[in-house]
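Presented below is the structure to which this report refers.
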Amino acid sequence: LMYMIIIAVILVIFLTIRLQNSKIGRAWIAIREDETVAQAMGINTLKAKLLAFGIGAAFAGMGGALFASRSQFTGPDDFTLMISVNVLAVVIVGGMGSIPGVIAGAFVLKGLPEILRDLESYRILAFGALLVIMMIYRPQGLIPSTRRRLALRDDMKPDSAADVSMPPADGGKK
């Protein structure tokens, strides 16, 4: 079963990279940035959103089938709040939009509970503190996506128009 999981993960990574660099991937990026402009550029936003939903559901279904075959039983006790917090923390710590970042975040956050085993009752507090620290010191994540890294770099540059000093309104006369 471990080999099937590894093959499924490699397949999902391959398909995700292919989708990101395709026409539909660029359409998804345009929709994420500004839906109205994307629609004005001729992108069928309804079709693109439904395709994203369908592909995401297919990936989730494949993951759910592998999980159910591994555990042989699934119930409401398998899906707690801590599972959702872990998934969110993996994505934020690793880097949103970055496949290597999410993998690195998973390694970090699967090892962190072993380190924090003595602090069992404070585990959620530790995850919250880690997220706050990551947002302050490394908002792009451990391994950010190239697009996100460039966007954050542009946001941190001072605006060149704001640096130009304007002459006084009265022409410098007093």
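The values are calculated or read from the model by the stated rules, or taken from the named source; none is laboratory data. Note that this is a predicted model, so its numbers are computed, not measured. Backbone-built Cβ (ideal geometry, glycine too); neighbour counts: all protein chains shown. Quick note on the areas: whole protein, heavy atoms, side chains included, nothing else; ligands and nucleic acids left out. Shrake-Rupley method; radii C 1.70, N 1.55, O 1.52, S 1.80 Å.
Computed extension gain for THR74 through VAL12, at 0.36 nm per residue and net of the alpha carbon distance, reaches 20.0 nm. The fraction of accessible area contributed by carbon and sulfur in segment 1-160 is 68 percent, rounded to a whole number (1.4 Å probe; ligands and nucleic acids excluded). Between ILE24 and LYS110, the modelled label-to-label distance comes to 2.9 nm, taking each label 7 Å out from Cα in the direction of the beta carbon.
Gain in length, ILE55 to SER84, computed as 0.36 nm per residue apart minus the alpha-carbon separation, to one decimal in nm?
8.4 nm
For segment 65-151, what class follows from the C-alpha gyration tensor (a ≥ b ≥ c being the square roots of its eigenvalues): rounded when a/c is under 1.5, otherwise prolate if a/b is larger than b/c, else oblate? Oblate, since a/c reaches 1.5 and b/c is not below a/b. Once a ≥ b ≥ c are taken as the square roots of the eigenvalues of the Cα gyration tensor of segment 1-144, is the result rounded (a/c under 1.5), prolate (a/b larger than b/c) or oblate (a/b not larger than b/c)? Oblate is the answer for segment 1-144, as a/c is 1.5 or above yet b/c matches or exceeds a/b. Counting charges near ALA104 (Lys, Arg +1; Asp, Glu -1) among other residues having Cβ under 14 Å from its Cβ returns a value of +2. Neighbours of ALA40, meaning other residues whose beta-carbon lies under 14 angstrom from its beta-carbon, give a summed charge of -3 when Lys and Arg score +1 and Asp and Glu score -1. Accessible surface of ILE29, taken over heavy atoms with a 1.4 Å probe and every protein chain present, rounds to 40 Å². What segment 95-147 shows is 66 Å² of accessible area per residue, with the surface traced by a 1.4 Å probe over protein heavy atoms.
Taking every protein chain into account, the accessible area of segment 3-66 amounts to 73 square angstrom per residue (probe 1.4 Å). The length gained by stretching the chain between THR36 and MET62 to full extension, at 0.36 nm per residue less their Cα-Cα distance, is 6.1 nm.
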